[in-house]
Amino acid sequence: MPRQDFAYQLVLAEDDPETITSVIAYQASSTSGMRGVLWSVPNRAWIYAPAVIADILYDDLDPMPLREVDRQTAERAAREALKNELPSEAALVQLCEEGERMGWRFGPPSAG
């Protein structure tokens, strides 16, 4: 069954709602769960990390400042704030499929 398009959220700095610290691209479904990619500041890379994304999106006790945006706005934010290109939706699907195959719920294992 095909998945829906990606939704996009900007992760904002807690002390400055104008500062973007990450971009999240995700697909959430009640039947097939969460899958998604985010910009990892420590890794300086786009990573598959659905458990991390779910924690960011749905933590009611300690909510992170977020802003829902469209794809075009997410692309611009990635370029301007993160100095990186947001992967195409086809590339996002590939990152998700690889992460699912590898079982990376919290992102790829660190290389250190």
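Before moving on, here are some points about what is shown:
- Restricting the first member to the stretch 42-60 and to residues that are within 13 Å of Gly107 (Cα to Cα), and the second to residues that are of a type in the set (Ser, Thr, Tyr), the beta-carbon pairs closer than 7 Å and six or more apart or on different chains are Ile47/Ser40; Ile53/Tyr26.
- Any hit, the stretch 53-67, residues being surrounded by 17 or more Cβ atoms within 10 Å (Cβ to Cβ) and in contact with a helix residue (DSSP H, G or I) (Cβ under 6 Å, 6 or more places away or on another chain): no
- Gln94 vs. criteria of a type outside the set (Lys, Arg) and closer than 16 Å to Ile20 by Cα: no
- Any chance Ala78 is free of Cβ contacts under 8 Å to residues at least 60 places away in the same chain, in contact with a Phe, Trp or Tyr (Cβ under 6 Å, 6 or more places away or on another chain) and either of a type in the set (A, V, I, L, M) or not in a strand (DSSP E or B) (or both): no
- Residue in the stretch 60-74 that is among the small types (Gly, Ala, Ser) and assigned to a loop (DSSP other than H, G, I, E, B) present: no
- Condition met for Pro108 (within 17 Å of Met34 (Cα to Cα) and either touching a residue at least 40 places away in the same chain (Cβ under 8 Å) or surrounded by 13 or more Cβ atoms within 10 Å (Cβ to Cβ) (or both)): yes
- When Lys83 is tested against (1) under 24 Å from Trp104 (Cα atoms); (2) not in a helix (DSSP H, G or I), exactly one condition is not met: (1).
- Taken over the stretch 68-83, the criterion of being surrounded by 14 or more Cβ atoms within 10 Å (Cβ to Cβ), closer than 18 Å to Ala45 by Cβ and not hydrophobic (A, V, I, L, M, F, W, C) is satisfied by Glu75 alone.
- The set of residues in the stretch 87-112 that are within 19 Å of Asp55 (Cβ to Cβ) and assigned to a helix (DSSP H, G or I) comprises Leu95, Cys96, Gly99, Glu100.
Since every read-out is calculated from the coordinates, none of them should be taken as a lab result. Computed from a predicted structure; not experimentally measured. Quick reminder, even Gly has a Cβ in these numbers, built from the backbone with ideal geometry, and neighbours come from all protein chains shown.
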